Amino acid sequence: GMMVSAFARGYQVLSEERFLKAAEAAADFVLANMVRDGLLLRTYRGLDNEQQAGVSKLPAYLDDYAEMANGLLDLYEATFDLRWLEAADDLARRMVADFWDEKNAGFFYTSAAHKNLLVRTKPFYDGAVPSGNSTATLVLLRLSKLLDNAGYYQKAEAVLTSMRDMMSAQPRAYLNLLCAADFYLHPTREIAIAG
């Protein structure tokens, strides 16, 4: 998802057709080979035998859903092809259904499809790779504006509200979440996404 996003944004800035083709090819591959019954899968392994298709397996984590949806939104903004927006919405709906914490707002890292877990963590820290929660929040805000979806907006707002004190106390630990907060406060302004 992050690669799709990088190539789509690179195309928007540099107008290099090869960047757009790379983004579309990667997105098409994931949607065709790594989504089964509406569930995103985490791994893909091609087989040596050219007669058989590769194998996708393992349920995806929050980060996988959030980053892929974000990449699809960037691809939509680069092309205005509705299939990317629809695919991003499909992933976001599944992400909310499978990862959302109804009691305390935010997203768990794992879904109910992940077996034998002692606890379900809910990471927010943005390190070298943005957290799934910060990217998911930004995705919901973007989709709420593009699709006029109040439910997405309310969930994103709940995450930002729940993390307000932490972001104020340690802003460097939540750089991508701060980008989501900036989009929440100024939805018509261009923002640079951390990461």
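The values are calculated or read from the model by the stated rules, or taken from the named source; none is laboratory data. These numbers come from a predicted model, not from an experiment. Here the Cβ positions follow ideal geometry from the backbone for every residue, glycine too, while neighbour counts run over all protein chains shown. Just the protein is used for accessible areas: all its heavy atoms, side chains included, with ligands, DNA and RNA removed. Shrake-Rupley method; radii C 1.70, N 1.55, O 1.52, S 1.80 Å.
Rounded, prolate or oblate, given the Cα gyration tensor of segment 95-195, with a/c below 1.5 counting as rounded? Don't jump to the answer; show the numbers that get you there.
Values: a/c = 1.86, a/b = 1.29, b/c = 1.44.
Since a/c reaches 1.5 but b/c is at least a/b, the shape of segment 95-195 is classed as oblate.
Classify the chain: rounded, prolate or oblate, from the alpha-carbon gyration tensor (a ≥ b ≥ c, eigenvalue square roots; a/c under 1.5 rounded; otherwise prolate if a/b is larger than b/c)?
Values: a/c = 1.81, a/b = 1.21, b/c = 1.50.
Taking the square roots of the gyration eigenvalues as a ≥ b ≥ c, the chain is oblate.
How much net charge surrounds L20 when only the other residues with a Cβ under 15 Å from the Cβ of L20 are counted, with Lys and Arg +1 and Asp and Glu -1?
Working: positive: R9, R18, K21, R83; negative: E16, E17, E24, D28, D74, E77, D81.
In short, -3.
Using unit Cβ charges (K, R positive; D, E negative) and no other charged atoms, how large, in debye to the nearest 20, is the dipole of segment 58-157 about its Cα centre?
Details: 10 positive and 15 negative charges, 77 e Å.
Charge dipole of segment 58-157: 380 debye, to the nearest 20.
Set the Förster radius R0 to 30 Å, insert the Cβ-Cβ distance between F80 and D101 as r into 1/(1 + (r/R0)^6), and round the FRET efficiency to 0.05.
Values: r = 34 Å, r/R0 = 1.13.
Efficiency computed from Cβ-Cβ geometry: 0.35.
To one decimal place, what orientation-averaged projected area in nm² is obtained for the convex hull of the Cα set of segment 1-105? Walk me through the numbers before you get to the answer.
On the way: hull surface 30.6 nm².
With every direction weighted equally, the projected area is 7.7 nm².
Scan around L39 for amide H atoms under 5 Å from its own, H built in the peptide plane at 1.01 Å from N, and keep only partners 5 or more places away or cross-chain.
HN-HN under 5 Å from L39: empty list.
May I ask you to give the percent of accessible area on segment 85-195 that is carbon plus sulfur, with a probe radius of 1.4 Å?
On the way: 3210 of 5990 Å².
Here it works out to 54 percent.
Could you state how much accessible area T79 has, in square angstrom rounded to the nearest 10, with a 1.4 Å probe and all protein chains kept in place?
We get 40 Å² for T79.
Any idea what the dipole of the chain comes to, in debye rounded to 20, about its Cα centre with Lys/Arg Cβ at +1 and Asp/Glu Cβ at -1? It would help to have the intermediate numbers written out before the result.
Working: 20 positive and 25 negative charges, 115 e Å.
Dipole about the Cα centre, nearest 20: 560 debye.
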